[in-house]
Amino acid sequence: MRKFLLLGAAVLPLAACETGFPEPSVPPSLQFQSDAPPEESILDDIEPPTDLLSGGEAGRPPPPPGETVRGYRFHDHRAADASTRFLGDLDTAVAACDRAAYNAARERWLARTYEAEAQERRSSAVDAGWADSAAKRAHDAAELERMYRERPRFPVPCPPRSMAGGKTDWGMLTAGWASIDLPTTGIGFQRPYGGEERYALETADRLDVERLGGEAAFEWSGRYILGGLEYGQGDGRTAGEVPASAGIDTGIVFNGLSPAGSSGINIGDRGSMNTTETELEYWHAYAKAFLTTEGPIRPFLYADFLHAETRHDMSYFYEGTGGSFVFRVEQDRMQTIRDRAFGGGVGVLFTSPISPRWRVHALGSIGGLFRETDLDSREHNQANFGPMSDRDFLIERERSADGFGVTGTLAVGLEYDLSPRLSLGFGGHITTLEEVGAVYNPESGDDVFFDGREVELTAGRATSWGGQVALRYRFGAPPPP
């Protein structure tokens, strides 16, 4: 049996916003040659188009007096539609620190592209009651001009932003769950007549784990450093019986020879009752150093440390009569695996805004894991028949091993800004570990008696998948718009 943690996995993929952009693709003749702000061009002096004011979308009533588009009131629905889309594109470009997208939206406005798209969305019929007076048209024209001149301006240079899209320093709390697929061990044996021996009952092959954690990010020596700590615990249980009088022999296998030199007890097809319980608890500390905070794709290096403990409690029980005698056989195993793992590797984070408040994140990482593993095994065997030395005895073993394996993680997340400082995130991940600690208990008495095998500390592959929610708080002043 093994246990493991998500080494190198992201709780939520995080990002640092781009701080440098190529010059906009505007002809040199349109660039300011004066002391005007470098991000603006002579296009700003061009009056916004007034053709947006012709007609409106059929089937909709004129807007009420209180209806506005971010403070700008329009009588004509087509003017309002184009304005809303224009301002939305500007907000998205500013949030992404994307100069090219900002200039593209501005030029789409001046080229009347938003008007053309609004025309395509309108019906063939026109309500003549809309924008049917010179006063309404003049008012709409004034609002369009005011909206264009008061539009959100692209900041130069793009302000430094954190990996969350806000201030550099932040802290985050996370809560989530994970389902861990892992190999099994077991207790007892069962063997159909003429068949092979196998465990009477195996442990759970999947554990449900609850997770709590915290992260913090800060700038150090020109790079963003992220540190985190996560705690998790979970369990899994199984119960079952080997049916009596079904042509299936059953019994117990010792984890070593008994005091009388026996490898186990076979009670025939009398049946048995069996239970297992597995508990996992871990602490996981990790750090990431982002090599760049510019652009949507950001590589990083990571290192982490894991301390995990898994406990298996397994029980085999039989009680039945043979004539006037009541036979009783019991076996209880308590096995604890302790892992100390050191890992490191590389990863890539993709982050991009999808609206002024929403961002999407995706992460992939791969690395190596060196582990040191200890096993404490205690087995208590009891029977009320057989040699006296074998009726109540313990087999205790300690094992140690180390190894190295590869680990990989894929994660995705969405983040929503509740305010300039506070955001809420949702994410999911899948992680695989090539080598983690596991325990082998002999399934056959022949393995113990003839081959000399005992309980062993082994290794194998494990996979985890799960999700979480996160609440992030940005320290310092709120980020600029």
* Could you tell me whether Gly194 is loosely packed, with under 15 Cβ neighbours inside 10 Å, of a type outside the set (D, E, K, R) and not in a strand (DSSP E or B)? => yes
Scanning region 315-331 for residues that are of a type in the set (Asp, Glu) and surrounded by fewer than 16 Cβ atoms within 10 Å (Cβ to Cβ) gives Glu319
Of the candidates Asp447, Asp402, the one satisfying the condition of being assigned by TED's automatic domain parsing to the domain that holds Glu230, in a helix (DSSP H, G or I) and out of contact with any Leu (no Cβ under 9 Å at 6 or more places or on another chain) is Asp447
Here is a check on your reading of the model: is Leu433 of a type in the set (A, V, I, L, M, F, W, C) and without any contact (Cβ under 8 Å) to a residue 60 or more places away in the chain? no
| said: Take the conditions at pLDDT 80 or above, surrounded by 14 or more Cβ atoms within 10 Å (Cβ to Cβ) and in a loop (DSSP other than H, G, I, E, B) and apply them to Phe86. Does it pass? | reply: no
Scanning region 256-314 residue by residue, those hydroxyl-bearing (Ser, Thr, Tyr) and either part of a strand (DSSP E or B) or buried (at least 17 other Cβ atoms within 10 Å of the Cβ) (or both) turn out to be Ser258, Ser262, Ser263, Ser272, Thr275, Thr276, Thr278, Tyr282, Tyr286, Thr293, Tyr302, Thr310
Within region 228-244, is even one residue among the aliphatic types (A, V, I, L, M), farther than 21 Å from Thr275 by Cα and in a strand (DSSP E or B)? yes
| message | Just to be sure before I move on: is Val469 in a strand (DSSP E or B) and over 20 Å from the mean Cα position of the chain (by Cα) in the structure I sent? | response | no
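Is there a residue in region 353-365 that is within 30 Å of Val253 (Cβ to Cβ), part of a strand (DSSP E or B) and aliphatic (A, V, I, L, M)?
Taking every residue of region 353-365 in turn, none turns out to be within 30 Å of Val253 (Cβ to Cβ), part of a strand (DSSP E or B) and aliphatic (A, V, I, L, M).
The values are calculated or read from the model by the stated rules, or taken from the named source; none is laboratory data. No experiment lies behind these values; they were computed from the predicted model shown. Because the Cβ atoms are built from the backbone with ideal geometry, glycine has one as well, and the counts that use them run over all protein chains shown.
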